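Structure first, commentary second.
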Amino acid sequence: MDYTEEKLRRINRYEGIIVKVAVDRVRLPDGKETLREVVEHPGGVCVLPVDEDGNAWCVRQFRYPMRAHLLEAPAGKLEKGEDPMACAVRELSEETGFTAGEFLPLGSYYTSPGYSTECLHLYLARGLRRGKAHPDEGEFLDLERIPFHELLSMVERGEIPDGKTAIAVLQARAILDKE
């Protein structure tokens, strides 16, 4: 059966700094109409850097919507038309100062497909070389080194509430376990 919903019209719209919000009137497969809220987001990347000693490098930053300091893999949003790999290279350098000899794709994931178009592209960064971090203006974060196995245990215990970081760690485990 085809459960595709047909967009009839966009009712209203808000355009913010990062997202656009719309309410669409749609026709359901049974012919009835309803409303769907849609948050349009440009998408982004998440990069889990792991050094030759088996340490993961994460950032701790205050996330205003959650009103909490979260431990996360470095990440950032895609600029219009930007290639995800180029964004991964840029974000890794900006937030950690690292460059990497290798970026291994860990998959692409929708953050909340019930209402958002955001898709995150995840990477494992290897062959790290130190440099100087240069975060965006207004971006405040601390770089933390955590043994990968400890970070994995934190994810398994539910101590990393950031979804993109948890997925990146779990996906990276399959690659790192082979080594």
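The values are calculated or read from the model by the stated rules, or taken from the named source; none is laboratory data. Everything numeric in this text was worked out from a predicted model, so none of it was measured. Cβ: placed from backbone, ideal geometry, glycine included. Neighbour counts: every protein chain shown.
Only one of 89, 38, 59, 50 is under 21 Å from residue 116 (Cβ atoms) and of a type in the set (Val, Ile, Thr). Can you tell me which? Testing whether each residue is under 21 Å from residue 116 (Cβ atoms) and of a type in the set (Val, Ile, Thr) leaves just 38.
Look through region 164-178, keep the residues that are in contact with a helix residue (DSSP H, G or I) (Cβ under 7 Å, 6 or more places away or on another chain) and of a type in the set (A, V, I, L, M), and return whichever of them is surrounded by the fewest Cβ atoms within 10 Å (Cβ to Cβ).
This residue is 170.
Tell me whether region 119-134 contains one or more residues that are farther than 18 Å from residue 93 by Cα, of a type in the set (Gly, Ala, Ser) and modelled with pLDDT of 95 or more. There is no residue in region 119-134 that is farther than 18 Å from residue 93 by Cα, of a type in the set (Gly, Ala, Ser) and modelled with pLDDT of 95 or more. If I filter region 5-14 for residues that are under 30 Å from residue 130 (Cα atoms), assigned to a strand (DSSP E or B) and touching a strand residue (DSSP E or B) at 6+ places or on another chain (Cβ under 9 Å), do I get at least one hit? For region 5-14, residues under 30 Å from residue 130 (Cα atoms), assigned to a strand (DSSP E or B) and touching a strand residue (DSSP E or B) at 6+ places or on another chain (Cβ under 9 Å): absent.
Where residues in region 73-104 are outside any helix (DSSP H, G or I) and within 13 Å of the chain's Cα centre (by Cα), which of them is surrounded by the fewest Cβ atoms within 10 Å (Cβ to Cβ)? I'd like the intermediate steps shown before the answer.
Our first condition is that a residue be outside any helix (DSSP H, G or I); within region 73-104, this holds for 73-83, 97-104.
Checking the rest, the ones that are also within 13 Å of the chain's Cα centre (by Cα) come to 73-78.
Values: 73: 33, 74: 29, 75: 23, 76: 19, 77: 16, 78: 22.
That would be 77.
Looking across region 112-158, the residues that are assigned to a loop (DSSP other than H, G, I, E, B), free of Cβ contacts under 8 Å to residues at least 12 places away in the same chain and of a type in the set (D, E, K, R) come down to 137, 157. Does residue 50 meet the test of being closer than 24 Å to residue 174 by Cβ, in the same structural domain as residue 150 (by TED's automatic domain parsing) and under 15 Å from the mean Cα position of the chain (by Cα)? So residue 50 does not fit the description; no. Of the set (1) loosely packed, with under 13 Cβ neighbours inside 10 Å; (2) outside any helix (DSSP H, G or I), all apply to residue 161 but (1).
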